[in-house]
Amino acid sequence: MGLTEEERELLVGYKLEKAKNTITEIPILVENKLWRNAANRLYYACFYAISALLVKHGYIAHTHGGTKGLFGKYFVLTNIIDNGQNKLYEKLFDLRHKGDYDDWTVVNESDIIPLVEPAEKFIAEIEKLIKCLR
């Protein structure tokens, strides 16, 4: 990847902080019933956390699908991450994609509210895993 160890640690920290900042936007979006925006931010919060984990291990993806694939290959299939967590990420991926690109998809409260706490836990688990690897 061409980064020094110090640069890698800085990038990991930046991406993890970005994940945690993004998840804090959710209550505002929920309060204002901005369901599509909430789907987008839930997904991106988890995406940034996964990106931090990948960088920590020296992997880099250039697409969302690539990020999903590397995460699955190196962390889910190896049982480092529970498959249930991966299913959450896939659900967020699909919901965000439909919400952003499919004009006919309706995202509503019942789609978002059940995902908020699991997404927060997902990010915390990824952060814990990253810190264990330092």
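The values are calculated or read from the model by the stated rules, or taken from the named source; none is laboratory data. Keep in mind the model is a prediction, meaning the values are calculated, not measured. Cβ atoms come from the backbone with ideal geometry, glycine included; neighbour counts cover every protein chain shown.
Quick rundown of the values:
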| item | result |
| --- | --- |
| Yes/no for residue 21 being polar (S, T, N, Q) and at pLDDT 95 or above | yes |
| Of all residues making up the range 14-53, the number that are surrounded by fewer than 21 Cβ atoms within 10 Å (Cβ to Cβ) and more than 14 Å from residue 123 (Cβ to Cβ) | 12 |
| Among the residues listed as 33, 73, 131, the single one being more than 15 Å from the chain's Cα centre (by Cα) and at pLDDT below 95 | 131 |
| Residue 116 in contact (Cβ under 8 Å) with a residue 40 or more places away in the chain, surrounded by 15 or more Cβ atoms within 10 Å (Cβ to Cβ), not in a helix (DSSP H, G or I) and not basic (Lys, Arg) | no |
| Cβ-Cβ under 6 Å pairs, at least 6 apart or on other chains, the range 39-57 side free of Cβ contacts under 8 Å to residues at least 60 places away in the same chain, far side among the polar types (S, T, N, Q) | 41/22; 44/22 |
| Whichever residue in the range 56-79 is farther than 22 Å from residue 3 by Cα and among the aliphatic types (A, V, I, L, M) and, among such residues, is surrounded by the most Cβ atoms within 10 Å (Cβ to Cβ) | 76 |
| Among the residues listed as 105, 78, 67, the single one being farther than 29 Å from residue 28 by Cβ and not basic (Lys, Arg) | 78 |
| Which numbered condition residue 107 fails, given (1) assigned to a helix (DSSP H, G or I); (2) aliphatic (A, V, I, L, M); (3) surrounded by 15 or more Cβ atoms within 10 Å (Cβ to Cβ) | (1) |
| One residue from 126, 130 being outside any loop (DSSP other than H, G, I, E, B) and either over 29 Å from residue 7 (Cβ atoms) or in contact with a Cys (Cβ under 9 Å, 6 or more places away or on another chain) (or both) | 126 |
